[in-house]
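Novice: Sharing a structure, written as structure tokens. Questions coming.
Any read-out appearing in this document is the output of simple, stated calculations on the displayed coordinates, not a laboratory observation. Not measured: the values here are computed from a predicted model. When we count neighbours, we look across all protein chains shown, and the Cβ atoms used for this are built from the backbone with ideal geometry, even at glycine.
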Amino acid sequence: MPRALLVYDDEPRARVEMLDAARLPEHAVTVDIDYSDLNYKDALAVTGSGPIVRHYPLVPGIDFAGSVAHSDDDRYEPGDKVILTGWGVGESHWGGFAERMTIDPDWLVPCPGPLSTRQTMLLGTAGLTAMLALMRLEEAGLEPGDGPVAVTGASGGVGSWAVQMLAHAGYEVHAITGKPERNDWLRELGASELLPRADFEAKARPLEKQRWAGAVDALGGPVLATLLAQGRYYARIATVGLAGDSALPTTVMPFILRGASLLGVDSAYIPFERRRAAWQRIASLPHLMFERMAVEEIALEAIADKAQAMIDGRTHGRILIRPTA
Ligand SMILES: NC(=O)c1ccc[n+]([C@@H]2O[C@H](COP(=O)([O-])OP(=O)(O)OC[C@H]3O[C@@H](n4cnc5c(N)ncnc54)[C@H](OP(=O)(O)O)[C@@H]3O)[C@@H](O)[C@H]2O)c1
């Protein structure tokens, strides 16, 4: 019988249990999950540190990849490799921290040919979001020759993929991190400058010395306000996360005096075609990029401790979950 990690509203919050078919939600497709991964949102759900879980008990896990075991939908047949990210899975709907899960076929994307299911979860929502941020910046007109592009939360999942993808696309990447011990690794990923996060956490003046042609920000709060204040004329800044703070203590000055653009990035509810386009672009990335990613592979039983470590800021790179391990 397949196993899963469930979270409950009482102690112990996280429990690994057997899941017989009768307990699975009613959906047209059943997937045997090869890999899931741990995102910041999952860490909030597992530890209860943030209001992610909509109803209990819940199988968390906003991402998974595996093979279709059963399908009542024309688009998928047994054996097809598929990817799931977003759509409220792992929040309102049961998710990927399980050996087997049922799912709405509208939420799936076929795994693009050259990628293995493990490789897709090396990216997961984090890597998909980094690619969507790059696409947003490009669509807003950012070009490699425009000047430095800052990446915050650089040692995290979104940040480390953003560093690699931007560098691969030819941008000069300045990585901002609170973990100087990761500087060498971030250089390997393609960062040309490493800057301490603390330099960006003070309250910014409305406008500061112009530095950034672009940015991918995972932190929000004063750090994002500082990036905006330091934007060059016509800076394009993609906001993807709130690992620092959901507030944004800024002014209109960067927008009305320097023409800055703040570009929102959502990965959870993007339409199928854009999702598929992003995964196809990911599939064309050089293999070396997957090998350079720092990765730790864990079993269902280790998720609770690792989720707390992520909330405490003690993780870096990507954490893969192998439910069958
Ligand atoms: N828009 C979307 O669709 C979308 C998708 C995925 C993720 N997100 C959001 O993006 C953010 C990053 O996600 P992730 O999966 O990359 O998480 P992650 O792997 O935990 O990385 C977050 C990084 O932020 C920095 N950080 C952590 N705690 C912090 C704190 N209290 N104050 C300041 N910096 C802190 C750390 O980097 P350094 O030590 O290097 O600074 C950490 O590695 C989260 O807010 C997440 O919810 C949004």
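Novice: Given points 7 Å out from each Cα along the Cα-Cβ axis, report the TYR234 to HIS55 separation in nanometres with one decimal.
Specialist: The modelled label-to-label distance comes out at 5.0 nm.
Novice: Please give, to one decimal in nm, the separation of the simple spin-label points placed at ILE298 and ALA277, each 7 Å out from Cα toward the Cβ.
Specialist: 3.6 nm
Novice: Would you work out which of PRO114, TRP87, GLY127 lies farthest towards the positive end of the dipole of the chain, given +1 charges on the beta-carbon of Lys and Arg and -1 on that of Asp and Glu, about the Cα centre?
Specialist: GLY127
Novice: Based on the Cβ-Cβ distance from MET18 to GLN308, what FRET efficiency comes out when R0 is 25 Å, to the nearest 0.05?
Specialist: On the way: r = 25 Å, r/R0 = 0.98.
Rounded to the nearest 0.05, the efficiency is 0.50.
Novice: Could you rank the peptides 175-182, 317-324, 41-48, 140-147 by their average count of other C-beta atoms within 10 Å per residue, with the highest value first? Please list the in-between numbers first.
Specialist: Numbers: 175-182: 20.1, 317-324: 21.6, 41-48: 23.1, 140-147: 15.5.
Result, highest mean Cβ count within 10 Å first: 41-48, 317-324, 175-182, 140-147.
Novice: Run the simple label-point estimate for THR324 and GLU77 please: 7 Å along Cα→C-beta, distance reported in nm.
Specialist: If labels sit at THR324 and GLU77, their model points lie 2.2 nm apart.
Novice: Which of these, ILE270, ILE62, ILE298, has the largest mean-square fluctuation under a Gaussian network model of the chain (Cα springs below 10 Å)?
Specialist: Its mean-square fluctuation being the largest, the pick is ILE270.
Novice: Related question: Using a simple charge model, +1 on the beta-carbon of Lys and Arg, -1 on the beta-carbon of Asp and Glu, nothing else, what dipole does the chain show about its Cα centre, in debye to the nearest 20? Display every interim value, and only then the final one.
Specialist: Working: 31 positive and 42 negative charges, 220 e Å.
So the dipole magnitude of the chain works out to roughly 1060 debye.
Novice: With r defined as the distance between the Cβ atoms of ASP184 and ALA140 and R0 fixed at 45 Å, what FRET efficiency is calculated, to the nearest 0.05?
Specialist: On the way: r = 32 Å, r/R0 = 0.71.
After rounding to 0.05, the efficiency reads 0.90.
Novice: Quick check on the chain: helices-only [θ] at 222 nm, where DSSP H runs of length 4 and up contribute -39,500 (n - 2.57) each and the sum goes over total residues. Nearest 500, please. Intermediate results must be reported in sequence, preceding the final value.
Specialist: Working: 9 runs with 92 residues, N = 325.
The per-residue figure over the chain is -8500 deg cm²/dmol.
Novice: Calculated FRET efficiency, HIS287 and ASP10, Cβ-Cβ r, R0 45 Å, to nearest 0.05?
Specialist: The calculated FRET efficiency here is 0.50.
Novice: Give the lysines reachable from LYS41 as a straight Cα distance under 23 Å; neighbours fewer than 8 places away on the same chain don't count.
Specialist: LYS179, LYS306
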